[in-house]
1. Give me, ordered by chain and number, the residues 5 or more places off D91 or on other chains with an amide H under 5 Å from its own placed amide H.
2. Which one of G230, Y270, L245 has its Cα pushed farthest toward the positive end of the charge dipole of the stretch 206-329, where Lys and Arg give +1 and Asp and Glu give -1 at the Cβ?
3. Between the alpha-carbon centers of the stretch 243-290 and the stretch 43-94, tell me the distance in whole angstrom.
4. How high is the relative contact order of the chain, given as a whole-number percent (alpha carbon pairs under 8 Å, six or more residues apart)?
5. Apply 1/(1 + (r/R0)^6) to the Cβ-Cβ distance of E160 and T139, taking R0 = 30 Å, and write down the FRET efficiency to the nearest 0.05.
6. Just checking my list (1) 20.5; (2) 22.5; (3) 19.7 against Kirkwood radius over Cα pairs in Å computed from this structure; which label fits?
7. How big is the convex hull of the Cα atoms of the stretch 161-328, per residue, in Å³?
8. With respect to the cross-link table entries K34/K54; K171/K199; K112/K219; K171/K206; K171/K242; K303/K327, which display a Cα-Cα separation exceeding 27 Å?
Amino acid sequence: MITYRKAHADDIQASLDLALRVLAQFHAPDCEQKAVSNYFTARFKDERYLNGFKSGQYPMFVALDGESIVGMITGDRGTGALSTIAEMAVDGAYHRQGIATELMNRMVCELKLQGADKITLKALPYGLPFYLTYGFIATDEKQRSQSGFDFIPMAYEPNEIWDVLDINGNKTGRYHERGRPMAAGDYHLCVHVWKHNGKGEWLIDKRAKKSPDDIHDGKWETTGGAAIAGDDSLTAALRETKEELGLVLDPAKGVLFRRFAREGYHGHTYLMDVWVFEHDCAIEDVRFGERETCGVMWANADKIRGLIKDDKFFSDVDMYFDEMVEKWG
């Protein structure tokens, strides 16, 4: 079984040795004869570069088969919102087992959580198909490095990052990038946020048009979304409401009504927390979030049931809506 973790200090030399072997075996045929030795001298004999791993400037993850390192990836946090993938290598005997993808997943999450909005790399010809499949795009034509390798500059813009939870809602210590399938048994947290004015009405909002391919755009819904890494459930509920409607809810007037597990689109599984807040406001107080909402209204339960029946309401609310209405009116 392959396991993954952040590299320890004792892993650094073995990981770089693996990178050099993979470089010589799979990339050398496409480059100048002395490219590998030039690269070895320029990178792996550079004390400043090596010290960057020890100091944490260059994060590293490793894949292990037992105690043996069979894959590695390193990054450079860089400055500002730009980070770089410096090295990635998988032992040839372990290719096509998803190791490179899992290593990249972990590094993308690491760099995004450190503030990266764009991740760049120099793709050598052998690795180019993998990077394209992962989602990197070429930013320039093929170039030649000082060491003698041909490469294509590429970039990737990561999505938001989620905490990975177990079925009980406990954080696993791992992270997941939005839009990628989740492993079996992994979950992330989502919230539905209902606002009730105490007069039998609920504040619902209309989804803004984001994509011509999204059949749910333009439908009514309750405020909701995914918790980002570091959020607890209440924080996510308050943040989503502020982002989508410009409203500041009183945490003391919120109740966590239900939690249930669901399977969503694109192979991801999630835990849905349903919040109900006592809140009253004028429609004029609402400020639409850009590309989030385009309309709001106060609606009673029968109005919302009609929207659900006519397929004009988006969200899986059927399993709890009647019970919620019975409790709050």
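Quick note: the coordinates plus some simple rules give every number you see, no bench work behind them. Bear in mind the structure is a predicted one, so any value in this text is a computation, not a measurement. Cβ coordinates were reconstructed from backbone atoms using ideal geometry, including for glycine residues, and neighbour counts include every protein chain displayed.
1. For D91, the qualifying residues are G71.
2. Value: L245.
3. Centre-to-centre distance over Cα atoms comes out at 40 Å.
4. Relative CO of the chain lands at 13 percent.
5. It comes out at approximately 0.85.
6. So the structure-derived entry is (2).
7. It is 116 Å³ per residue.
8. K34/K54; K171/K199; K112/K219; K171/K206
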